[in-house]
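Q: First the structure, then my questions, so here it is.
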Amino acid sequence: MINKLTVDKIMEATDIVEVIGEFVVLKKRGANYVGLSPFTNEKTPSFTVSPVKGIFKDFSTGKGGSAVTFLMEHEKFSYPEALKWLAKKYGIEVEETQEAPENREAENHRESLLIVTGYASKFFHESLLQTDEGKAIGLSYYRERGFNDATIKKFELGYSPEQRNAFSEKAVKDGYLPEFLLETGLSVRWEEGPLNDRYRGRVIFPIHSPTGRVIAFGGRTLKKDKNVAKYVNSPESEIYHKSNVLYGFHLAKKAIREKDLCYLVEGYADVISLHQAGIENVVASSGTSLTVEQVKIVSRQTKKLTILYDGDSAGVKAAIRGLSLLYKESFNIKVVLFPEGNDPDSYVRSLGSSKFIDFIDRASKGLVEFYISIIDEKELADPLKKIKVSDDLAEIISNHPDDYFRSSYVKQVAERLRIDERAYLSVVNKAFVKKFTTKERPRLETPEVEEVEKPNVQQLAKEESELLYPGMGQEKEIIRLLLTYGNQIINWDGIANTYIGPFMIAELNDIEFEYPVYKAFVADYLKEVEKGNLPEETYFINHSNKQIADITITLLLSLYELSPNWYEMHQIHTSDETKNMKATILNAIFHLKKQKVGVILKNIQKQLQETKGPEDEEILLSQFLHMKKVQKTIADYLGIVITE
């Protein structure tokens, strides 16, 4: 078997558009890509790929799923074969193991570490919100930074009590083994002494994996003592490798894909403040230079990277040379330097989100352009410094594969440094030739498929289902909303800091879903919520129940999509359900309840016609009148008139 860690690496590395593009000619349409179905010989494209969600849907055959599913359907690969094909494509070494007890033990060990860090995160969060010390110290600090309740909950911010072993003692008491506490760095021990808390007296910033599990922590002291380290971070462990992690990525990846742009900042607070301002396509390298592994994480979502620096220009200049290596990966890289004394955190709080974005758009410069703009005349007056600047810029420019890019910037650099353009172009081109070799990537041919005349199975199934389950449409809408908005936070009058998914599930706890796959979906959603999890679309896309996975993909992808210039062409407004989420969610809930009440009333009427005993008739009449009142309440909310 291929171990879970390797599978996770493969799935994180996979670009579904790139994979399916090996077999199908795809054209961009809005946020998605479309093409002719590779499974039928169609003339009108019905095959849709969503890079944002990492799924495809072939509306002509009903097939859909992930890149792995596509390879299994198209190439007739087994699941392991599809994974190996992807691993080879993305240069990932496949670690295969036999399902032996020791392998299972290793997997359990890793899972145990993740369970411990998850427990710790909950402990720190509750210490912040539920203890006098946490409120007086930790919560006050976050409030001073301008973080609101929703933001504190979103990032699971916490506080570790000042008591030397408050966490360690509680964790051991609750059954967590000391060796796991030590291995994750949550606890420390000197020689044979007792366990002590690593982060005591610090505010806590949990660090998450790309899938959202807590893997490490950053703890900031609030003391002014210069002998106390400002930040203490988790040590490297089996579940945490600093160079492989971007802070906030689990919350940012969707926005990065949708915006097709990633902002890179330096600190936790920068990420948190920008998120709170509604700018969610942002991650932090947590004080380290951008690593190859971190670049790969970003590149799976976008090739556009804007780096927001709050350091001095000299420090930025030193980093640019390394960043230019991203040119080879087709990145479009820009740099922004904030006014002295400012950083993304302070600047967005000062300007607000709109003006902040305007500033970024105006101030962002390409690497070469930025480097040229901060060259000091004193550097050009010193021959040795001038040579260093010239060499740096030659190195940066030569990393770009485009001839026009290199020649354009060679001209600008030559003018700024007052050197011979032709000689400098020769230097850059020689460096370029050494770095680049052309390799022809083999393309796989799409196998021919015969055109087959067949009935519209999907339409027939839909018609049959609607006859058997008349409320299927309302049930389907609930599932769609859970998938699309379940992980968004409600901030309505009287309801705040609650996720939409659990809210909807609670509101529908007295409703019995009829359509089997929707019933199974809701039951599974409820089970996850009761376990303390908030299932996202990826959970259902990869669900073990194929029917749930199929309906998820169908609901997340639409065959039809409005073009960006729809309004300009037709002057017809389309409603945006996100403008009033309260109405969107409550309307769906009440329409489903209305339909269910209607069914109950018809059943009672049928029983009234069949009953013969006066006592039974009285009971049924009482039930009927009660349900009519319920129906009237729902109708009043929806603003409709009951005519039957």
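Q: Looking at (1) surrounded by fewer than 22 Cβ atoms within 10 Å (Cβ to Cβ); (2) among the small types (Gly, Ala, Ser); (3) more than 30 Å from residue 542 (Cβ to Cβ), can you tell me which one residue 212 breaks?
A: In the conditions (1) surrounded by fewer than 22 Cβ atoms within 10 Å (Cβ to Cβ); (2) among the small types (Gly, Ala, Ser); (3) more than 30 Å from residue 542 (Cβ to Cβ), residue 212 misses (3) alone.
Q: Out of 421, 415, 379, 395, which single residue is exposed (fewer than 14 other Cβ atoms within 10 Å of the Cβ), among the acidic types (Asp, Glu) and not assigned by TED's automatic domain parsing to the domain that holds residue 322? Write out each step before concluding.
A: Details: 421 fails: exposed (fewer than 14 other Cβ atoms within 10 Å of the Cβ); 379 fails: exposed (fewer than 14 other Cβ atoms within 10 Å of the Cβ); 395 fails: exposed (fewer than 14 other Cβ atoms within 10 Å of the Cβ).
Answer to the selection: 415.
Q: Additional query: Of the numbered conditions (1) out of contact with any helix residue (DSSP H, G or I) (no Cβ under 8 Å at 6 or more places or on another chain); (2) free of Cβ contacts under 8 Å to residues at least 24 places away in the same chain; (3) among the charged types (D, E, K, R), residue 164 satisfies every one except a single condition; which is it?
A: In the conditions (1) out of contact with any helix residue (DSSP H, G or I) (no Cβ under 8 Å at 6 or more places or on another chain); (2) free of Cβ contacts under 8 Å to residues at least 24 places away in the same chain; (3) among the charged types (D, E, K, R), residue 164 misses (2) alone.
Q: Filter segment 349-380 for residues that are assigned to a loop (DSSP other than H, G, I, E, B) and at negative phi and give the result. Give the derivation first.
A: We begin by selecting, within segment 349-380, every residue assigned to a loop (DSSP other than H, G, I, E, B); these are 352, 364, 374-376.
Listed by number, the residues that qualify are 364, 374, 375, 376.
Q: On the given criteria, is residue 76 at pLDDT 85 or above, out of contact with any Cys (no Cβ under 8 Å at 6 or more places or on another chain) and surrounded by fewer than 18 Cβ atoms within 10 Å (Cβ to Cβ)? Steps first, answer last, please.
A: Details: at pLDDT 85 or above: no; out of contact with any Cys (no Cβ under 8 Å at 6 or more places or on another chain): yes; surrounded by fewer than 18 Cβ atoms within 10 Å (Cβ to Cβ): yes.
Here the answer is no, as residue 76 does not meet what is asked.
Q: Which of the residues that make up segment 106-157 are outside any helix (DSSP H, G or I), aromatic (Phe, Trp, Tyr) and in contact with a strand residue (DSSP E or B) (Cβ under 9 Å, 6 or more places away or on another chain)?
A: 155
Q: Looking only at segment 606-623, which residues are over 48 Å from the mean Cα position of the chain (by Cα), surrounded by 12 or more Cβ atoms within 10 Å (Cβ to Cβ) and not β-branched (Val, Ile, Thr)? Before the answer, list the steps.
A: Taking segment 606-623 first, the residues over 48 Å from the mean Cα position of the chain (by Cα) are 606-622.
Pick out the ones that are also surrounded by 12 or more Cβ atoms within 10 Å (Cβ to Cβ) and you get 607-608, 611, 616-617, 619-621.
The answer is 607, 608, 616, 617, 620, 621.
A quick yes/no check of all residues on (1) of a type in the set (A, V, I, L, M, F, W, C); (2) surrounded by fewer than 16 Cβ atoms within 10 Å (Cβ to Cβ); (3) touching a Ser or Thr at 6+ places or on another chain (Cβ under 9 Å); (4) under 30 Å from residue 1 (Cα atoms):
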residue: 122; (1), (2), (3), (4): no, yes, no, no
residue: 156; (1), (2), (3), (4): no, no, yes, no
residue: 166; (1), (2), (3), (4): yes, no, yes, no
residue: 177; (1), (2), (3), (4): yes, yes, yes, yes
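Q: Within segment 478-532, how many residues are assigned to a helix (DSSP H, G or I) and either closer than 25 Å to residue 595 by Cβ or among the basic types (Lys, Arg) (or both)?
A: Keep residues of segment 478-532 that are assigned to a helix (DSSP H, G or I), which gives 478-485, 500-507, 516-530.
With either closer than 25 Å to residue 595 by Cβ or among the basic types (Lys, Arg) (or both) added as a condition, the list becomes 478-485, 500-507, 516-527, 529.
Looking only at that region, the number is 29.
Q: In addition: Anything in segment 14-56 that is at pLDDT 85 or above and under 17 Å from residue 88 (Cβ atoms)? List them, or say none.
A: 14, 15, 16, 18, 19, 20, 21
Q: Name the pairs: first residue in segment 488-509 and in the same structural domain as residue 592 (by TED's automatic domain parsing), second residue basic (Lys, Arg), Cβ to Cβ under 6 Å, at least 6 apart or on different chains?
A: Taking only residues 6 or more apart or on different chains, the pairs are 492/582; 497/153.
Q: Among strands (runs of 3 or more DSSP E) lying entirely in segment 189-234, which contain 3 or more residues that are touching a residue at least 40 places away in the same chain (Cβ under 8 Å)? Steps first, please.
A: Values: elements: 202-208, 214-221, 231-233.
Because the criterion is at least 3 residues that are touching a residue at least 40 places away in the same chain (Cβ under 8 Å), the strands (runs of 3 or more DSSP E) in segment 189-234 that meet it are 202-208, 214-221.
Q: Just name the residue that is farthest from residue 301 (Cα to Cα) out of those in segment 55-73 that are buried (at least 22 other Cβ atoms within 10 Å of the Cβ) and of a type in the set (Gly, Ala, Ser).
A: Across segment 55-73, the extreme among qualifying residues is 64.
Q: Given the criteria in a loop (DSSP other than H, G, I, E, B) and touching a residue at least 12 places away in the same chain (Cβ under 8 Å), does residue 535 qualify? Show your work before the answer.
A: Values: in a loop (DSSP other than H, G, I, E, B): yes; touching a residue at least 12 places away in the same chain (Cβ under 8 Å): yes.
So residue 535 passes the test.
Q: Among (1) in the same structural domain as residue 131 (by TED's automatic domain parsing); (2) out of contact with any helix residue (DSSP H, G or I) (no Cβ under 9 Å at 6 or more places or on another chain), where does residue 154 come up short?
A: The single condition residue 154 does not satisfy is (2).
Q: Test residue 44 against the criterion of being under 24 Å from the mean Cα position of the chain (by Cα) and either of a type in the set (A, V, I, L, M) or over 20 Å from residue 543 (Cβ atoms) (or both), and give yes or no. Before the answer, list the steps.
A: Details: under 24 Å from the mean Cα position of the chain (by Cα): no; either of a type in the set (A, V, I, L, M) or over 20 Å from residue 543 (Cβ atoms) (or both): yes.
Judged against the criteria, residue 44 is not a match.
Q: Being farther than 24 Å from residue 223 by Cα, touching a helix residue (DSSP H, G or I) at 6+ places or on another chain (Cβ under 7 Å) and in the same structural domain as residue 112 (by TED's automatic domain parsing) narrows it down to one of 194, 178, so name that one. Walk me through it before giving the result.
A: Working: 194 fails: touching a helix residue (DSSP H, G or I) at 6+ places or on another chain (Cβ under 7 Å).
After ruling out the rest, the residue left standing is 178.
Q: If you scan segment 235-259, which residues turn out to be touching a strand residue (DSSP E or B) at 6+ places or on another chain (Cβ under 7 Å), closer than 24 Å to residue 316 by Cβ and either in a helix (DSSP H, G or I) or not aliphatic (A, V, I, L, M) (or both)? Even if it seems obvious, please write down each step before you answer.
A: Filtering segment 235-259 down to residues touching a strand residue (DSSP E or B) at 6+ places or on another chain (Cβ under 7 Å) leaves 239-240, 245-250, 252, 256.
Narrowing the set further to residues that are closer than 24 Å to residue 316 by Cβ leaves 245-249, 252, 256.
247, 248, 249, 252, 256, listed by residue number.
The values are calculated or read from the model by the stated rules, or taken from the named source; none is laboratory data. As the structure is a prediction and not an experimental result, all values here were calculated from the model. Because the Cβ atoms are built from the backbone with ideal geometry, glycine has one as well, and the counts that use them run over all protein chains shown.
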